[in-house]
Amino acid sequence: MDQIIKISPSILSANFSKLGDEILSLENAGADYIHIDVMDGHFVPNITIGPEVIKRLRPVTKKIFDVHLMISPVDKYVKDFAESGADIITFHPEATDNVDKTIKLIKKFNKKVGISLKPKTQVSLIEKYLNEIDLILIMSVEPGFAGQKFMPEILPKIKAIKSIVDKKKLNIDIEIDGGINFQNSKSVKDAGANVIVSGSTIFKENNGNLKKNIELLRTN
Ligand code: DX5
Ligand code: ZN
């Protein structure tokens with residue numbers, strides 16, 4: 001149970017007029033990864049940022065850019081996101097007609113590969129790919145917007161994935177994304193998540209005290 005917890009703040013809740021400064025502040029506050037939510041208004045109802053913005057942010061920090069692609073089709077844009085400086089590229093299996101091909105494409109650019117599961121997406125859909133990927137992102141809200149309510153019914157899914165990962169002795173991050181706060185952070189860690197994504201809690205709680213909020217999510 002004593003695993004190292006990494007915090008990946010989502011910049012979706014940052015001030016978009018000064019994204020570079022916000023990322024620096026997150027770095028200084030102890031963030032491990034920087035979670036970048038990319039939405040296309042098609043795979044999900046919201047539109048956020050694209051590779052050009054990520055490219056401009058890249059020189060600001062050496063922190064790992066944990067890029068969560070909520071776009072479809074995904075293959076067409078992998079090259080752009082890889083070249084923009086993403087370190088981990090995570091996609092949804094529903095956004096490609098060939099999951100294997102997308103994994104290989106991301107690896108071709110020497111990037112780490114993540115697969116994301118929406119709340120209703122079954123583990124069985126991606127189980128066979130677990131050997132080939134670096135991260136599994138479990139959504140605890142419907143993808144699309146920051147500030148939604150955590151869905152506790154996904155806890156068994158974290159546990160199921162954790163037990164497969166342990167049984168197969170895989171070295172992959174189990175990341176949880178959506179509605180994480182100081183009340184539910186312990187439950188997701190106990191279930192087996194080792195990377196916590198958070199937007200609203202990190203940017204809004206305790207008057208936006210990033211350091212305190214990151215620390216509380218890590219230790220709570
Ligand atoms: C939702 C995004 C999340 C979200 C996290 O589609 O993938 O990363 O912005 O924000 P909070 O922590 O506010 O739920
Ligand atoms: Zn996300």
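The values are calculated or read from the model by the stated rules, or taken from the named source; none is laboratory data. Computed from a predicted structure; not experimentally measured. Ideal geometry is used to build each Cβ from the backbone, glycine not excepted, and the neighbour counts take in all protein chains shown. In case anyone asks, the SASA skips ligands and DNA or RNA and just uses the protein heavy atoms, side chains included. Shrake-Rupley method; radii C 1.70, N 1.55, O 1.52, S 1.80 Å.
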Residue among 65, 91, 81, 43 that alone is open to solvent by 30 Å² or more (accessible area, probe 1.4 Å) and among the aromatic types (Phe, Trp, Tyr): 43
Residues of region 1-54 satisfying the condition of being more than 13 Å from ligand 1 (Cβ to nearest atom) and among the charged types (D, E, K, R): 2, 6, 18, 21, 22, 27, 32, 52
The lone exception for residue 69 - which of (1) under 17 Å from the mean Cα position of the chain (by Cα); (2) not in a strand (DSSP E or B) it fails: (2)
Selection within region 183-220 - open to solvent by 40 Å² or more (accessible area, probe 1.4 Å) and outside any helix (DSSP H, G or I): 183, 209, 220
Residue match in region 107-127 (condition: in a helix (DSSP H, G or I), open to solvent by 10 Å² or more (accessible area, probe 1.4 Å) and within 15 Å of ligand 1 (Cβ to nearest atom)): no
Test: residue 179 is under 27 Å from residue 14 (Cβ atoms) and crowded, with 19+ Cβ neighbours inside 10 Å: yes
The one condition in (1) within 22 Å of residue 33 (Cα to Cα); (2) away from ligand 1 (no atom under 16 Å from the Cβ); (3) part of a loop (DSSP other than H, G, I, E, B) that residue 130 fails to fulfil: (3)
